[in-house]
Amino acid sequence: MPSHLHVISPPKIIAMLKNYLKVAIRNLRKNKSFSFLNIFGLALGMACSLLILLWINDERSMDSFYKNKSKLYDVYYKQYFDKKVEAGRWTTGLLADELKKVVPEVEYASGFDPKNAYSFQVTNKILKENASFAGADFFRMFGYPLLFGTPKSILNSPVSIAISRKMANDFFGSPRNAFGKTIRFENKKDFTITGVFENLPANASDQFDCIMNWDAYLKEKEWAANWGNYGPSAYIMLRESANPILVEKKITHFMDKYIGRSDSYRIELGMQRFDEMYLYSNFNNGEISGGRIEYVQLFSIIALFILLIACINFMNLTTARSVKRAKEIGIRKVVGAARSTLIRQFIGEAIFLTLIAVCIALAFVILIMPSFNQLTAKQIEFPYNHFSFWMSLAGLTLLTGFISGSYPALLLSSFNPIRVLKAAMKFSNGATWLRKGLVVFQFVLSIMLIIATIIVSRQINFIQTKNLGYDRENLLYISLDGNLPKEYGIFKQEAAKIPGVIGITRMSSMPTDINSNTFWVDWDGKQPNSSQKFSVASAGYEFIKTMKLHLLLGRDFSKDFATDSVAYILNESAWKQIGYKDPIGKPLTFWGKRGTIIGILKDFHFNSMHQAIQPLIIRMGEEETYGNMLVRAEAGKSREVIAGLESICKKLNSKFPFTYYFADAEFQKLYKSEQIVGKLSNYFAFLAILICCLGLLGLVMFTAEQRSKEISIRKVLGASVRSLFGLLSKEFLALVLVALLIASPLAWFAMNKWLQDFAYHINIDWWIFLAAAALAIIIAVSTVSFHSIKTALANPIKSLRSE
């Protein structure tokens, strides 16, 4: 056992590091093209990964800032009916307060109605603001920073309203000037500003400009004060000592007391932590099942894959150039350099190159961030002041450098100095197969991305071009605000005179978003204990004409029939569910009103294509006091029609700003997430292919270096450039084909699962895989050809002399 340990002094360590750095810089200068490819490929991969990781971090940070987040829960319902179970977040407007009264573990509770655009007025200033309604406990639960007011009293009166800093500035110039003032809501009720809160952060899933008292909501929406009607959300905050699992069990059958239960219908309640709702928003068979978390997981894998591809490139490119450093390594070994010293040197060089790549990647990320935010509809900020980010980046740099440099370091340091100096260096079959395997792995990932991109693009195109059953082009919505409901008849007469208007009607909701449902439907022959759900909407005269729906049987609502006040139009699915053979004129009782069926419509899409078309009943609604006007314009005359409609609205409804929406734009909003994912997939697939090409180029360079003498002899013996190109290219094409065989079934499985989220989707056709194969082969041939032709055209004498 040695009597003492050999310790390297700090000056020697510094000198050693300086020497490593000097050698690394010398190699960078000596091989500029190689160095550029190496560093650029790694920088590109790291930039992509950083962007994705920042996006993932932003997604995971949603609703994470609430002080009481571990105690905040959303209460959702599960409906059991007709041998089905459906879950949703909409509950009765009375539930939150009742839970607080009955369940001791609930400390605070609040109903919540998501934001809607409402008109507000102060003196002569009228603006539309995003407003929500909530209970008196809302600010106690969520702890939004208050500039004025207290959480206890801010919403304790039916005329209380809390507004944001932005809204205070909009109307009063400052929060201080706003506090205690009066603001008019929808030109029908005055509210007192009892609090001003700080603007909500971007990572709050519930966004609003103001909050009004819950009692005001129940008066505004009288239907919400009935236990049998559902619409708003119910949030609760548990006491510190409460066990969420036991509380959920306790409230499971809470609704039995208020609405009863039967063998054919019942409602159960469930709970989900509020800060988990954003990522886990979907339900499957009544249970929480995924949501945006699936995209987070997908892009986490993509970020990892792209970083791995970049690291593999580094290894391949470094190994490809190792022949050039073989004699350097041989000489250093002869003069006494230990293998461990060489390994440290090469890993140190790799970390140095990685550090340069990281700096370039950070520049890329900072430059691209505004465009990336615009693409993803985010407000991600670069974390300059986050120490944890810089520590994570430092760890990533060291890890990437170590992984990227480990294989070349072990390979280069293992060279036999005698064989190297005799120019007889050869690599083992195992090393060659490893490099080929890495290239196959790269192309497997890239081909999967290509296939996924094609399928996502086709599905989005399918959605955008599918016949919805009505014409969404040149169809406008105008919200029936203020005086418009009672002036609707006059508005309709005046609007019909505008050149370019070809149809006007009204509807209780937008045709792209009918979410009202009911079980209160009866008909002759219905099974006594049957509970069947129907979607429901109301519409005015000329509804079918304006929407350009396809009428299968019967007629539209008409002024010529006084009995149309209790007439109903059904879609095909509702007709099928009811079961009448000849439905026209047959009785139907809806919400206790007995009437007759006057029309049958061909099924049309009135929700996202994630959902199958539901049975729909349309009742007469010409005289209702809410909803939207639908105006059909001639193609090319939308601008003139909008100007005319605005002029009429200013005359009839001067206290409300004129707002309108296009049906096709509202339809596109239903698929915002899919469109973003599609665009991101396109960009990342392109970048992954680009990085893979650098890896393939590295393998071509390596092979050319290894076979330079063979190629030279073949040229001397008369081999053509074409034959030499084929010699160098065929094995790489074989690698791409192997990658295709592996990637195709994996991509099919993943994308088939993704498509199952849509009730209506494309089929995965065989030509998609053929197109991906052709694209991968073209890219591979293009990449290989440059260096292969360069090698085939090189002077053979020069190569033979060097050998």
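Quick notes on this one:
- Qualifying residue in the stretch 275-294 (condition: outside any loop (DSSP other than H, G, I, E, B) and more than 30 Å from LYS83 (Cβ to Cβ)): yes
- Boolean, SER654 is more than 20 Å from LEU551 (Cα to Cα), in a loop (DSSP other than H, G, I, E, B) and either open to solvent by less than 20 Å² (accessible area, probe 1.4 Å) or among the polar types (S, T, N, Q) (or both): yes
- The one condition in (1) at pLDDT 70 or above; (2) touching a Phe, Trp or Tyr at 6+ places or on another chain (Cβ under 9 Å) that LEU687 fails to fulfil: (2)
- Residues in the stretch 159-201 that are in contact with an Asp or Glu (Cβ under 7 Å, 6 or more places away or on another chain) and polar (S, T, N, Q) were compared, and the one that is least open to solvent (accessible area, probe 1.4 Å) is SER164.
- Pick from the stretch 739-790, criterion hydroxyl-bearing (Ser, Thr, Tyr) and closer than 16 Å to ILE455 by Cα, ranking: surrounded by the most Cβ atoms within 10 Å (Cβ to Cβ): SER744
- Test result for ASN515, farther than 27 Å from ASN474 by Cα, surrounded by fewer than 19 Cβ atoms within 10 Å (Cβ to Cβ), modelled with pLDDT under 90 and polar (S, T, N, Q): no
- Among the criteria (1) in contact with a Gly (Cβ under 9 Å, 6 or more places away or on another chain); (2) open to solvent by less than 20 Å² (accessible area, probe 1.4 Å); (3) in a helix (DSSP H, G or I), the one ALA574 does not fulfil is (1).
- Here PHE372 does not qualify as open to solvent by 40 Å² or more (accessible area, probe 1.4 Å), within 28 Å of LEU355 (Cβ to Cβ) and at pLDDT 80 or above.
- Residue-level check: of (1) open to solvent by 40 Å² or more (accessible area, probe 1.4 Å); (2) under 30 Å from THR625 (Cα atoms); (3) touching a residue at least 24 places away in the same chain (Cβ under 8 Å), PRO244 misses just (2).
- Among the residues making up the stretch 356-395, those that are under 23 Å from ARG60 (Cα atoms), over 26 Å from the mean Cα position of the chain (by Cα) and assigned to a helix (DSSP H, G or I) are PHE387, TRP390, MET391, ALA394, GLY395.
- Screening the stretch 577-598 for residues that are hydrophobic (A, V, I, L, M, F, W, C) and open to solvent by 30 Å² or more (accessible area, probe 1.4 Å) and picking the one that is farthest from PHE543 (Cα to Cα) gives TRP591.
- Residue check for ASP603: open to solvent by 30 Å² or more (accessible area, probe 1.4 Å), under 28 Å from ILE762 (Cα atoms) and touching a helix residue (DSSP H, G or I) at 6+ places or on another chain (Cβ under 6 Å): yes
- For the stretch 457-471, taking the residues that are open to solvent by less than 20 Å² (accessible area, probe 1.4 Å) and more than 18 Å from TRP766 (Cβ to Cβ), the one that is modelled with the highest pLDDT is identified as TYR470.
- All told, ILE211 meets the bar of being within 29 Å of the chain's Cα centre (by Cα), in a strand (DSSP E or B) and among the aliphatic types (A, V, I, L, M).
- Pairs meeting the criteria (first residue in the stretch 470-486 and without any contact (Cβ under 8 Å) to a residue 24 or more places away in the chain, second residue buried (at least 21 other Cβ atoms within 10 Å of the Cβ) and of a type in the set (Gly, Ala, Ser), beta carbons under 9 Å, at least 6 apart or on different chains) are lacking.
The values are calculated or read from the model by the stated rules, or taken from the named source; none is laboratory data. Fair warning: this is a prediction, and the values are worked out from it, not measured in the lab. Positions of Cβ are backbone-derived with ideal geometry, glycine not excepted, and every protein chain shown enters the neighbour counts. With ligands, DNA and RNA removed, areas are computed over all heavy atoms of the protein, side chains included. Shrake-Rupley method; radii C 1.70, N 1.55, O 1.52, S 1.80 Å.
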